[in-house]
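The values are calculated or read from the model by the stated rules, or taken from the named source; none is laboratory data. Remember, it's a predicted structure, so these values are computed and weren't measured experimentally. With ideal geometry, Cβ positions are generated from the backbone for all residues, glycine too; neighbour counts draw on all protein chains shown. The accessibility values were calculated without ligands, DNA or RNA, using every heavy atom of the protein model including side chains. Shrake-Rupley method; radii C 1.70, N 1.55, O 1.52, S 1.80 Å.
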Amino acid sequence: MNTTLRISPDRFGSAFFAKLEKISGQNLLACYQCGKCSAGCPMAPHMDVLPNQIIRMAQLGMREQLLAARSIWVCVSCMTCNSRCPKEIRIAEVFEALREMVLRTGSRDDQLDIQKLSPEARGALPPIAMISAMRKLTS
Ligand code: SF4
Ligand code: SF4
């Protein structure tokens, strides 16, 4: 029997939370804020929101703040956070899911086709956005 505690996202009234869990494939409620992900992140000094704070804000359904966070474009997908999490949450996938959500904004089918962007639009994107658009970690 699966004894993992799961609380329906509906109880938070957050479609955003449910979507973030679905895209990232992670159980975000498992996080208990130990901070190990942030302590090992090589890009933390350059982030406005630390990895453990990203997860907590996701639990609270803080959509606008998360999608506006500079940190999601500073993350280099090194996956150090993934290897340090005692709850086996893949934080890098959460970061990528957030980038996906920003990049998909305005896309009719909720998917981003990088080939359909103009050369100018592609040139304006940070490299990590291109990687996320190719869906390296999430599906
Ligand atoms: S994957 Fe991103 S958030 Fe995780 S440790 Fe690396 S830079 Fe930091
Ligand atoms: S390492 Fe895992 S459990 Fe600890 S704060 Fe980060 S996401 Fe949460």
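So the values come out like this:
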{"read-out": "First in the range 1-28 and open to solvent by less than 80 Å² (accessible area, probe 1.4 Å), second anywhere and in a loop (DSSP other than H, G, I, E, B) and modelled with pLDDT under 90, Cβ under 6 Å, 6 or more apart", "value": "ILE23/THR138; SER24/THR138"}
{"read-out": "Of the criteria (1) away from ligand 2 (no atom under 16 Å from the Cβ); (2) among the acidic types (Asp, Glu); (3) in contact (Cβ under 8 Å) with a residue 12 or more places away in the chain, which one GLU93 fails", "value": "(1)"}
{"read-out": "Hits in the range 70-89 (condition: more than 8 Å from ligand 1 (Cβ to nearest atom) and crowded, with 20+ Cβ neighbours inside 10 Å)", "value": "ILE72, CYS85, ILE89"}
